[in-house]
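Okay, so here's the structure we're looking at.
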Amino acid sequence: MSTPLQNKIYQFITAYLDAHGYSPSFEEIAIGVGMSARSVSLVSRSVHALVNEGRLVFYKKGHRNLKLPDSNSLSLPVLGKIAAGSPIEAIPDYRAIDVGWLLKGETHFVLEVKGDSMIDEGILNGDFVICKHTSVAKEGDIVVALVDQSDATLKRVSYQVKGMVTLIPENPHLKPKAYLPHRIQIQGLFIGLLRLNNKVTYVEQSH
């Protein structure tokens, strides 16, 4: 639940955004709510609390980096880092990550993975891959490729063999296959991953 100060700061930021089209600095926020310009630490804590509540979004690095969440925004708080190997010190993190664009993109679609050809990329049998509709792809992209107008497959694409399109699995037990270009139709680009485990959805963004 927001404190009275956080609500006051939120109201000031929304009014400033409406008037200027960009967010105020922390110093401007402090002055705007009747505090000393030197109270930036308190303003920062309040702003991060508002972000963690999903009322504001950090959309870039640096200054004046706040915006209101829109209909395509779904922000989740990043509470810190956790070790998957040796334990590490728990360090609080005050950010929120917007996954709305990944889950609600108008050109995005989901496919369920069957098979283990991409396991070295961390894409496992039963995962759901989030893809973006496209008919073109760069060297090394992971794509949804239609082979001979009938068989769809998720592979890394390569154009290094002259006059051919090579589909490369990420599994040491499987070999790449090269095709004449007319046999391959790019239908989508892999951008993220959903993994269901005990009814919990795991979301991973492709880099």
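The values are calculated or read from the model by the stated rules, or taken from the named source; none is laboratory data. Predicted model only: the values in this text are computed from it and were never measured. Cβ sites come from the backbone with ideal geometry, for glycine too, and all protein chains shown count toward neighbours.
Here are some notes:
- Flag for S23 being polar (S, T, N, Q), under 13 Å from H63 (Cβ atoms) and either assigned to a helix (DSSP H, G or I) or not assigned by TED's automatic domain parsing to the domain that holds G62 (or both): no
- Odd one out for Y179, checked against (1) modelled with pLDDT under 95; (2) surrounded by 14 or more Cβ atoms within 10 Å (Cβ to Cβ): (1)
- A90 fulfils the conditions (1) at pLDDT below 70; (2) in a strand (DSSP E or B); (3) loosely packed, with under 14 Cβ neighbours inside 10 Å except for a single criterion, (2).
- Only one of the numbered conditions (1) surrounded by 14 or more Cβ atoms within 10 Å (Cβ to Cβ); (2) assigned to a loop (DSSP other than H, G, I, E, B) is not met by K132, and that is (2).
- Number of positions in the range 152-175 that are in a loop (DSSP other than H, G, I, E, B) and small (G, A, S): 1
- Failed criterion for R38 (all others in (1) at pLDDT 85 or above; (2) within 20 Å of the chain's Cα centre (by Cα) hold): (2)
- Residue in the range 67-87 that is part of a loop (DSSP other than H, G, I, E, B), at pLDDT 70 or above and not acidic (D, E) present: yes
- Filtered residue count, the range 148-171, keeping only those that are among the aliphatic types (A, V, I, L, M) and in contact with a Lys or Arg (Cβ under 6 Å, 6 or more places away or on another chain): 2
- When the range 100-126 is limited to residues that are modelled with pLDDT under 85 and not in a loop (DSSP other than H, G, I, E, B), the one that is farthest from A145 (Cα to Cα) turns out to be G100.
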